[in-house]
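First up is the structure itself, then whatever we jot down about it.
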Amino acid sequence: MHPDDARHALDDIRHRGDQARAAHLRFGHSRTALLLSALALFLPLASYDLPNPWGGAMLLPVVGLLAAMLVGYLCRSPVRRSLTVREAALGAAAGTVLVAAFRGLAAAARTSGVPAPHTAAALVLCVAGVAGLALAGRRWA
């Protein structure tokens, strides 16, 4: 094998990897995926405002929604990729920031006298998250 052949093969591998990442992002940032993800985030966060037996009962629809999202991913995704260490670390960091932002927004809503502070904080986070991911998806796709 000549060096040029090896270089062309590596360029083709990189190109196919870029195509796979773009297809994965298009599927993950579709309107349906974003809305289902926002709903899966909103329901458990807003359930803090419900009385005791109903707050825990809200986890059942969320588990069903997440199972439906997993089945949809396994059946309809054009590309299946493994999670890299970098992506897992970024996801953990984003989750930590999300929890901190939720607690801060809920505390601010509670001090300002909002009747359902956790629901208001969850709504703000979900709207901001969907808007941010929609813009990021357009940028990457």
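The values are calculated or read from the model by the stated rules, or taken from the named source; none is laboratory data. Because the structure is predicted, anything quoted here is derived from the model rather than measured. Counting neighbours? That spans all protein chains shown, and the Cβs are built from the backbone with ideal geometry, glycine included. Side chains are part of the model used for accessible areas, which takes the heavy atoms of the whole protein and leaves out ligands, DNA and RNA. Shrake-Rupley method; radii C 1.70, N 1.55, O 1.52, S 1.80 Å.
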In deg cm²/dmol and to the nearest 500, what is the mean residue ellipticity at 222 nm of the chain if only DSSP H runs of at least 4 residues count, each as -39500 (n - 2.57), divided by the residue total? -28500 deg cm²/dmol
From most to least accessible, 1.4 Å probe, no ligand or DNA/RNA atoms counted, LEU39, LEU98 line up as LEU39, LEU98
For the range 1-50, which semi-axes, largest first and in whole Å, follow from the square roots of 5 times the eigenvalues of its Cα gyration tensor? 44, 10, 4
Read through the labelled values (i) 21, 16, 15; (ii) 31, 21, 10; (iii) 39, 17, 12 and report the label of the one computed as semi-axes √(5λ) of the Cα gyration tensor in Å from the structure. (iii)
Compute the accessible area per residue over the range 2-117, keeping the other protein chains in place, probe 1.4 Å, unit Å². 71
Please state, as a whole number in µm²/s, the translational diffusion coefficient that the Stokes-Einstein equation yields for the range 49-110 at 4 °C and 1.567 mPa s, with Rh defined as the Kirkwood radius across alpha carbon pairs. 88
Stokes-Einstein at 25 °C, 0.890 mPa s, Kirkwood radius from Cα pairs: D for the range 29-81 in µm² s⁻¹? 202
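May I ask you to derive the FRET efficiency for LEU10 and ALA136 from their Cβ-Cβ distance with R0 = 30 Å, giving the value to the nearest 0.05?
About 0.60, to the nearest 0.05.
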Taking the Cα centre of the chain as origin and charging only Cβ (+1 Lys, Arg; -1 Asp, Glu), how large is the dipole, in debye to the nearest 20? 140
Once the piece of chain linking ARG31 and ASP18 is laid out straight, how much longer is it, given 0.36 nm per residue of separation minus the C-alpha distance between them? 2.5 nm
